[in-house]
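Scroll down for the structure; my scribbles are underneath it.
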Protein chains: 2
Amino acid sequence: MQNYAQLTEELKARSIKPSLQRLLLLNYMHTCHTHPTVEQIYADLAAQGHALSKATVYNTLTLFVQKGLLRVVNLDRSEARYDVLACDHGHFVCECCGAIYDEPIDFDKLNLIFPEAGSVNQRDLFYRGVCKRCLSKE
Amino acid sequence: MQNYAQLTEELKARSIKPSLQRLLLLNYMHTCHTHPTVEQIYADLAAQGHALSKATVYNTLTLFVQKGLLRVVNLDRSEARYDVLACDHGHFVCECCGAIYDEPIDFDKLNLIFPEAGSVNQRDLFYRGVCKRCLSKE
DNA sequence: TTATTGTTTAGAACGATTCTAAGTTAAATC
DNA sequence: GATTTAACTTAGAATCGTTCTAAACAATAA
């Protein structure tokens, strides 16, 4: 595991006790730049010899989301995906192959104000379509 | 049911055979300006004396989405919500009471281009936070 | 009428997620 | 160091939204 001390600090800063399982998961999410599902995370960690229980994967990811370390990406109805919270970015999802692409965006350009909104905590943007690779295959 | 002929035309225009169940559902979605779940739709129609089977509600909504009459809104992991396709609008979701508010938006202002995107078919935007009503209650 | 095709239906099956209750670890107190 | 306490992890059961299946039904064509 890389940056053990740094990961520990990151957890402590959010008042999360740095157990081995939590450090493994946080490390995984930091090094993985896709948008993995629980199943993928569970399988990858198991393949690396870290057999956490699936319940722990669920519990920990939920905790991280609550504490603001990750966010859930609801691309479709099937499985939740998890995303490290970097700078604001939008997602493009290929309806054909399922690939996900990120692109930084500046929400402020929209000048979007919801009169009913008291406070805004999160902003998500999704484009859906067909990626160039799939389009060229047809 | 209102505008029987008009609803029939709307279905035929998308080459959907206008069965009674489909007309009922389309009519419901046109008159309902919330973002209902399958359960809500099913219960409301039953209360109006139209007891479609739940399978038909699922099948028909899926068909309407495929044919471009509705879109699915994946606010969270629990239940899918359905939305009539009007002009582009964003959603604000209150994390406290679950209320959903719409606001028209112009995506073009973002100047957002995904280099990997061949074609874009749908654009969704979600803000999450606490609505004014909930904020004032705290 | 007899096929043929499409639609609806109830209930079973599925699968992602949550719950439960027991086991384990780690810190706190004596 | 032993004992209590609280927090964390775990396997498996339970839940629940959704999909599947196979039969019934309706509409149309031959």
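The values are calculated or read from the model by the stated rules, or taken from the named source; none is laboratory data. As the structure is a prediction and not an experimental result, all values here were calculated from the model. Glycine also receives a Cβ, built like all others from the backbone with ideal geometry; neighbour counts cover every protein chain displayed. Please note that ligands, DNA and RNA were not included when accessible areas were found on the heavy atoms of the full protein model with its side chains. Shrake-Rupley method; radii C 1.70, N 1.55, O 1.52, S 1.80 Å.
Structure data summary
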item	result
Prolate/oblate/rounded call for the stretch A:32-138, Cα gyration tensor, a/c under 1.5 rounded	oblate
Beta bridges by DSSP in the stretch B:87-137, antiparallel share as percent, to the nearest 5	55 percent
Neighbouring partner chain Cβ atoms per residue of B:103-112, average, 10 Å criterion	5
20 Å Cα-Cα threshold exceeded, pairs from B:Lys67/B:Lys109; B:Lys12/B:Lys67; A:Lys17/A:Lys67; A:Lys12/A:Lys67	B:Lys67/B:Lys109
Per-residue mean of C-beta atoms belonging to partner chains within 10 Å, peptide B:53-60	0
Peptide-level mean, for A:74-82, of C-beta atoms on other protein chains within 10 Å	2
Student exercise, the stretch A:1-75 dipole from Lys, Arg, Asp, Glu Cβ charges, in Debye to nearest 20	260 debye
Proximal aspartates and glutamates relative to A:Lys132, as straight alpha-carbon distance under 18 Å, when same-chain residues fewer than 8 apart are discounted	A:Glu95, A:Asp102, A:Glu103, B:Glu116
Cβ charges +1 (Lys, Arg) and -1 (Asp, Glu), total dipole of the protein assembly as shown, debye	540 debye
CD proxy at 222 nm, helix term only [per DSSP H run n ≥ 4: -39500 (n - 2.57); per residue of chain A; nearest 500]	-11000 deg cm²/dmol
Positive-end extreme of charge dipole, chain A - chosen from A:Pro18, A:Leu70, A:His35 (charges on Cβ)	A:Pro18
Accessible surface of the stretch A:4-83 [probe 1.4 Å, protein heavy atoms]: carbon and sulfur percent	51 percent
Probe 1.4 Å, protein heavy atoms only - accessible area per residue of the stretch B:87-137 in square angstrom	51 Å²
Check: chain A dipole with +1 on Lys, Arg Cβ and -1 on Asp, Glu Cβ, in debye	340 debye
Amide proton proximity set for B:Gly90, modelled H, under 5 Å, gap of 5+	B:Glu103, B:Ile105
Förster-model FRET efficiency, 45 Å R0, A:Asp108 and A:His50, C-beta, rounded to 0.05	0.65
Under the Karplus curve 6.51 cos²θ - 1.76 cosθ + 1.60, θ = phi - 60°, whole-Hz ³J(HN,Hα) for the stretch B:22-37, x wherever Gly or Pro sits	5, 5, 4, 5, 5, 4, 4, 5, 6, 8, 9, 9, 8, 10, x, 8
